[in-house]
1. Please name whichever of Y168, A179, A93 sits farthest to the positive end of the charge dipole of segment 85-195, dipole taken about the Cα centre and charges placed at Cβ: Lys and Arg +1, Asp and Glu -1.
2. Which one, C670, V684, C641, is farthest towards the positive end of the dipole of segment 630-713 when Lys and Arg carry +1 and Asp and Glu -1 on their Cβ?
3. Placing +1 at every Lys and Arg Cβ and -1 at every Asp and Glu Cβ, with all other atoms neutral, what dipole size does segment 243-348 have around its Cα centre, in debye to the nearest 20?
4. Check each of the trypsin sites (Lys or Arg not before Pro) in segment 259-339 and keep only those in coil by DSSP with at most 14 other C-beta atoms within 10 angstrom; list them in order.
5. Please find the FRET efficiency linking R317 to T626, where r is the Cβ-Cβ separation and R0 is fixed at 41 Å, and quote it to the nearest 0.05.
6. Just to verify a number: FRET efficiency for V412 and L664, C-beta to C-beta distance, R0 = 35 Å, to 0.05?
7. Along the charge dipole of the chain, pointing to its positive end and built from +1/-1 on Cβ of Lys, Arg, Asp and Glu, which listed residue (S463, L192, M84) has its Cα farthest out?
8. Report the percentage of all Cα-Cα pairs in segment 126-199 whose separation exceeds 15 Å, rounded to a whole percent.
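The values are calculated or read from the model by the stated rules, or taken from the named source; none is laboratory data. The model shown is predicted, which means the values in this text are computed figures rather than measured ones. Counting neighbours? That spans all protein chains shown, and the Cβs are built from the backbone with ideal geometry, glycine included. Ligands, DNA and RNA are excluded from the accessible area calculation, which covers all protein heavy atoms including side chains. Shrake-Rupley method; radii C 1.70, N 1.55, O 1.52, S 1.80 Å.
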Amino acid sequence: MTAATHSTLFPQVPETADAVLDGLDPEQREVALALHGPVCVLAGAGTGKTRAITHRIAYGVRAGILPPASVLAVTFTNRAAGEMRGRLRQLGAGGVQARTFHSAALRQLQYFWPKAVGGDLPRLLERKIQLVAEAAARCRVRLDRNELRDVTSEIEWAKVTQTVPADYPAAVAKTHRDAPRDPAEIGQIYALYEQLKRDRSVIDFEDVLLLTVGILQDRHDIADQIRRQYQHFVVDEYQDVSPLQQRLLDLWLGDRDSLCVVGDASQTIYSFTGATPDHLLNFRTRHPNATVVKLVRDYRSTPQVVHLANGLLSQARGRAAEHRLELISQRDPGPEPVYTEYADEPAEAEGTARRIRDLIAAGVPAGEIAVLYRVNAQSEVYEQALADAGVPYQLRGAERFFDRPEVREAGVALRGAARAGGNDALLDDADNLPSQVRAVLSTKGWTPEPPAGSGAVRDRWESLAALVRLAEDYVRVKPEATLADLVAELDERAAAQHAPTVQGVTLASLHAAKGLEWDAVFLVGLTEGMMPITYAKTDEQVEEERRLLYVGVTRARVHLSLSWALSRSPGGRASRRPTRFLTGLRPGSGALGARGTGGGGGIERGSASGRRKRRGPVLCRVCGTTLTDAGEMKLMRCEGCPSDMDEALYERLREWRSEQAKELGQPAYCVFTDKTLMAIAETVPSTDGELAGISGVGARKLDRFGADVLAICAGEEVGGGDEED
Ligand code: ATP
Ligand code: MG
């Protein structure tokens, strides 16, 4: 993620084509200047691959060599595509299509469907799991939740490797694939799933590519039309291209060769879906006249982070590893990576939140910090911990910024006000652009301070606040800008999907973090079983997990923290072990343990807070079951068990909380989350010790709010801010 400073949000557009090349090193420049024929860039993380291809396109366009509409840039995620469109615009090359394979194919399919097939394109199925469950039931196969997920992935794999149901069992045998159930059975479910889709006139995600490929193969007239439009192709993250995507790319290209691919085999993390780095590694064999460029300078990370990344790769095995390139950091030295061992997961989450608060206090913007985990289910405990620590956060993979309803509404309101010009009563007192924007957006729910609570209301506020910040940044660059100018800027950004950075710590899975970067990265939950994940069984699967960790490490610019917890819940048996991938790399972990870059850095023993007692296992207060779910642990009962909460007390606590929040100028969840308040209203603590035993009440909160909360629980009035002292 790029820092949200105005210099990066509104940089000057380079004046000439040559000026576009100024920001590149000699090898990157070679990439940008290789505008004819096949080009392949093989390079490690943070070496500027994405930057090189973006500048290449911009240079080509600005120099008049590539007509913008003839270029199709393919990236891995919608977000990456949005970022690339934004960067191209900044370099003076708007109008170039940057899309994912999927969205490019979907667009072509929608356009050509009436001509190729007739009628409208069938509806796109959002999630296949329901239909797979139905197919399995009809085949009389009972699948539990995990099996259902695994069978669904098998169907996806079969589709991207272009394997039809009847051929599935043979394909499994041929590729030595470890199928989650009898391949014949999966083949049947797969066949029935396809049948159900046809019956209901729906298509799934993979069908979008399969159908586009089908039309391009069968209809030469349509293929010609598409090829006339797109003549130059650029693919980022090419190591993760699937056979089906490669087929589509081949069909787009036809017999031409204006193709530029960039990738890093060591970052292959989607082979479980059928992707393979072979296309990247064999590029030269397939295109003997290709320009091949290697980049080794790492511009992203400090020598300390790069040292760990190189160390991880030096232990890697397999084909991708044979092609690894040792990275050389271009940055000034920074802090050593911090390794922390915690007793349990809630302690790990609280400890992480505390470190994040410290970093923010030390001046690192929240938007420049990320917590990355292996599976999405790990997010909840971190959401809670950050909310408890009063730190704003955002989950990755949310709706695109300009598609959010509040952002659309805000756009309409701003446009209306701009049209009314000086005649809008709202703007009477607002003499500059930011205050005009604040005035208009306050009719849509913007307030100077964030609202209490964390759910949808808060999300909405964050979007509006991002627009206000954008206006503030904008006038800094263009002091004379009017509301109409801002509206035009927003329209352009919306068309380019160049969203402003929402301020808040990013919570994301390692897979979703691909291609991105932050000043500070927290890699959490690094235990055997999570990293590598339990279901990685074969050597190749374990290697892919190692690469996933490499991707995580290389997201950090300066601060890198790696942590794990010895047990899942407080008081549980300390049966977990830190990931094997750090053996020999982290201090005190075997023969290679001494390799550091010289700067200290031992393992820290984390505790959630200095004064926190080691807790026993958390049992449900109603039924006595040991709780393992983070939310339930916070409530101290199963979600489903009846609540014995004192409703009146809960209401009093909430009132008190909103007063506190108002006084502190912080959202209510920074005081206590709803779950913590509920737990208090259920437990009705009468001593400091009892209160401290409630999850979400750390030492800091005990100091600050303990007296008030205990007084409220004892039925006493707590003053409305009139007391002395
Ligand atoms: P990944 O493998 O993670 O996708 P990448 O190779 O695509 O990484 P980029 O994201 O393009 O790397 O670049 C990493 C960072 O280094 C970015 O912040 C980029 O702006 C910066 N950078 C790259 N090249 C240069 C350069 N020549 N001068 C200054 N900064 C650079
Ligand atoms: Mg990149």
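1. Checking the options against the dipole of segment 85-195, the answer is A93.
2. Checked the options; the winner is C670.
3. Result for segment 243-348 is approximately 680 debye, rounded to the nearest 20.
4. R317
5. Efficiency, rounded to the nearest 0.05: 0.55.
6. 0.55
7. Of the listed residues, the answer is L192.
8. Result for the distance tail: 46 percent.
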